[in-house]
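The values are calculated or read from the model by the stated rules, or taken from the named source; none is laboratory data. Note that the structure is a prediction, hence the values are computed from the model and not measured. Note that we place each Cβ from the backbone using ideal geometry, even for glycine, and neighbour counts take in every protein chain shown.
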Amino acid sequence: MYILKNEFIWITLILVGLFFSSATPYSEQSIVSPLERFEWGWVEPALENVEFEYAGSPVSLEAKGTVGIIEFLIRKTAHFTIFFILGALFVKAVARARLHPGLTLLFAWALATTVGVYDEFHQSLTPERTPLVQDVVLDSIGALCGVLLVGGLYLATRRKRRPRSGYVMTR
């Protein structure tokens with residue numbers, strides 16, 4: 001059971017997964033074909049009003065089509081979610097150094113953001129992949145949310161459980 005609680009194992013698995021994902025050309029990991037097997041007409045009314053630019057390209061029903069927008073949203077949600085988890089795990093790992101809680105959160109966020117930068121750099125070396133600053137920002141925001149929400153909660157509960165050191169007055 002300790003293996004499931006060890007954050008270093010989970011961090012390693014995520015980093016290995018990111019490495020292989022970044023090394024895979026887009027055509028080999030595209031989920032457009034599986035998504036095309038489903039009927040998406042029911043979601044089109046909700047997607048009609050979606051219109052914005054991401055990395056200089058329009059994201060809209062007209063520009064990408066229903067399946068294209070759904071794939072885009074799945075991919076960007078995956079970026080956010082993976083780095084949310086990674087940020088929270090880095091808090092637990094960095095907390096072992098017993099730094100000030102603020103420094104622990106800052107360092108964990110910086111580590112996760114650095115992983116995002118290297119992940120995008122690694123994508124630049126892969127055919128059919130484009131490194132995007134916007135993806136690094138999205139990764140960093142996901143990591144920040146994980147660090148603040150989950151990591152902050154972890155540090156708050158950990159501080160309450162820690163026995164006090166020093167002089168304790170007896171009654």
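Laid out as a table, the results:
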quantity: Sole exception among (1) out of contact with any Asp or Glu (no Cβ under 8 Å at 6 or more places or on another chain); (2) within 20 Å of residue 23 (Cβ to Cβ) for residue 134, by number; calculated: (2)
quantity: Residue check, residue 157 modelled with pLDDT under 95, surrounded by fewer than 17 Cβ atoms within 10 Å (Cβ to Cβ) and either over 23 Å from residue 85 (Cβ atoms) or in contact with a strand residue (DSSP E or B) (Cβ under 7 Å, 6 or more places away or on another chain) (or both); calculated: no
quantity: Any hit, the stretch 116-124, residues being free of Cβ contacts under 8 Å to residues at least 12 places away in the same chain, farther than 26 Å from residue 9 by Cβ and outside any loop (DSSP other than H, G, I, E, B); calculated: yes
quantity: Total residues in the stretch 49-73, condition in contact (Cβ under 8 Å) with a residue 12 or more places away in the chain and either surrounded by 12 or more Cβ atoms within 10 Å (Cβ to Cβ) or of a type in the set (Phe, Trp, Tyr) (or both); calculated: 11
quantity: Meets criteria (assigned to a helix (DSSP H, G or I), more than 21 Å from residue 120 (Cα to Cα), in contact with a Phe, Trp or Tyr (Cβ under 8 Å, 6 or more places away or on another chain) and in contact (Cβ under 8 Å) with a residue 40 or more places away in the chain) for residue 92; calculated: yes
quantity: Residue 16 vs. criteria within 16 Å of the chain's Cα centre (by Cα), at negative phi and free of Cβ contacts under 8 Å to residues at least 12 places away in the same chain; calculated: yes
quantity: Set 127, 131: member being surrounded by fewer than 15 Cβ atoms within 10 Å (Cβ to Cβ), in contact with a helix residue (DSSP H, G or I) (Cβ under 9 Å, 6 or more places away or on another chain) and not polar (S, T, N, Q); calculated: 127
